[in-house]
1. Only one of Asp87, Asp106 is in contact with a Leu (Cβ under 7 Å, 6 or more places away or on another chain) and over 12 Å from Leu32 (Cβ atoms). Can you tell me which?
2. Return yes when Val213 is away from the ligand (no atom under 16 Å from the Cβ), closer than 22 Å to Tyr163 by Cβ and β-branched (Val, Ile, Thr) and no when it is not.
3. Filter region 249-271 down to the residues that are within 14 Å of the ligand (Cβ to nearest atom) and of a type in the set (Ser, Thr, Tyr) and list them by number.
4. Pick from region 131-153 the residues that are modelled with pLDDT of 95 or more and surrounded by fewer than 21 Cβ atoms within 10 Å (Cβ to Cβ): which of them is nearest to Glu49 (Cα to Cα)?
5. Please go through region 226-243 and pick out each residue that is of a type in the set (D, E, K, R) and touching a residue at least 60 places away in the same chain (Cβ under 8 Å).
6. Please report, ordered by residue number, the strands (runs of 3 or more DSSP E) entirely within region 211-303 with at least 3 residues that are surrounded by 24 or more Cβ atoms within 10 Å (Cβ to Cβ).
7. So which residues in region 197-210 are crowded, with 17+ Cβ neighbours inside 10 Å and either without any contact (Cβ under 8 Å) to a residue 12 or more places away in the chain or in contact with a helix residue (DSSP H, G or I) (Cβ under 7 Å, 6 or more places away or on another chain) (or both), if there are any at all?
8. Across region 100-130, which residue is surrounded by the most Cβ atoms within 10 Å (Cβ to Cβ) among those that are within 28 Å of Ile262 (Cβ to Cβ) and within 12 Å of the ligand (Cβ to nearest atom)?
Amino acid sequence: MTERVRCLIIGSGPAGYTAAIYTGRANLNPVLYEGIQPGGQLTITTEVENFPGYPEGIGGTELMDDLRKQAERFGVDIRQGIATQADLSKAPYKITIDDDKIIEADTVIISTGATAKYLGLDDEKKYAGMGVSACATCDGFFYRKKVVAVVGGGDTACEEAIYLAGLANKVYLIVRKPYLRASQIMQDRVLSNPKIEVLFEHNTLGLFGEDGVEGAHVVKRLGEADEERYDIAIDGFFLAIGHKPNSDIFKEWIDTDEVGYIITEGATPRTKVPGVFAAGDVADPHYRQAITAAASGCKAAIEAERYLSEHNL
Ligand code: NDP
């Protein structure tokens, strides 16, 4: 089963839908595959208050529904399915969907996003959207004057702890090692912030609470003779233990950094394969915001349109 399309968009977060709106309006007859998590990471956040144009804020799922409807209005063919294989060795590029159908595409926009890593506790699922978050910039505002915990010891965890310390009354930073992995400057900022208490050599065993997170069961020096288990009272639990960009199937053909983020040419969404573009979090280790993802989706769409016109496709 093979089908030929002019523009294939993989992923349905703000980058994918924005690319779809632009390419749809440009009559490129784009086909968009939604991927593993239709609507992307915003569907697991509660309220989005920093996407321009919504003075009262908007629910993450509602925002993504609106973007989807806007893409549908311009005739975008939105389909369920996951890209499971890619052959970018020559144009037209071949993308296999659900290990079955092959799409031959003149241009490909990779907007597969990144997935926040979780600890793997059942309670993270139980309290998803009820006190558990993987994005302080998205959800921190709801914890003004409250007590929160951030898990992780890297730059992201430090950045999130500092951001949250500007809002909350107290921030615990739960670090599994006896030291922080973050850059020195971030460590200094965390350690000198009176609102942040770093719990070195701590792991989280679980969360508790009636209608949302009210506390965490933690353990100090797990498995050691002086192991100590106790509870901390918190209102929010933030994961900052890294993200995994969803770029695995493309790695053979395009450049990625050591974590897996797709490397593009300068500030453009161009990959090293002509006609293949990357937009959104899959190519962004730095900003990871809905608005920056949407902007890069727009750039990728404009690039795709120019590429098709230059190649008379
Ligand atoms: P990192 O991989 O650097 O750090 C992840 C942290 O999470 C580590 O402290 C790690 O602990 C901890 N961790 C991982 N798994 C678990 C687990 N299961 N339980 C408890 N803790 C865990 O990821 P970041 O997202 O912080 O950073 C990614 C990259 O982006 C880095 O290169 C970073 O420097 C960069 N970055 C730079 C920023 C800046 O310059 N302002 C801001 C944000 C990110 P351990 O140390 O024990 O492995």
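The values are calculated or read from the model by the stated rules, or taken from the named source; none is laboratory data. Quantities reported herein were computed from a predicted structural model and do not represent experimental measurements. No Cβ is skipped: glycine too gets one built from the backbone with ideal geometry, and neighbour counts run over all protein chains shown.
1. Asp106
2. Against the criterion (away from the ligand (no atom under 16 Å from the Cβ), closer than 22 Å to Tyr163 by Cβ and β-branched (Val, Ile, Thr)), Val213 qualifies.
3. Thr256, Tyr261 - these are the residues of region 249-271 that are within 14 Å of the ligand (Cβ to nearest atom) and of a type in the set (Ser, Thr, Tyr).
4. The extreme case among them is Arg144.
5. Asp235
6. Of the strands (runs of 3 or more DSSP E) lying wholly inside region 211-303, those with at least 3 residues that are surrounded by 24 or more Cβ atoms within 10 Å (Cβ to Cβ) span 236-239, 276-278.
7. Val198, Leu207
8. If we take residues in region 100-130 being within 28 Å of Ile262 (Cβ to Cβ) and within 12 Å of the ligand (Cβ to nearest atom), then Ala114 is surrounded by the most Cβ atoms within 10 Å (Cβ to Cβ).
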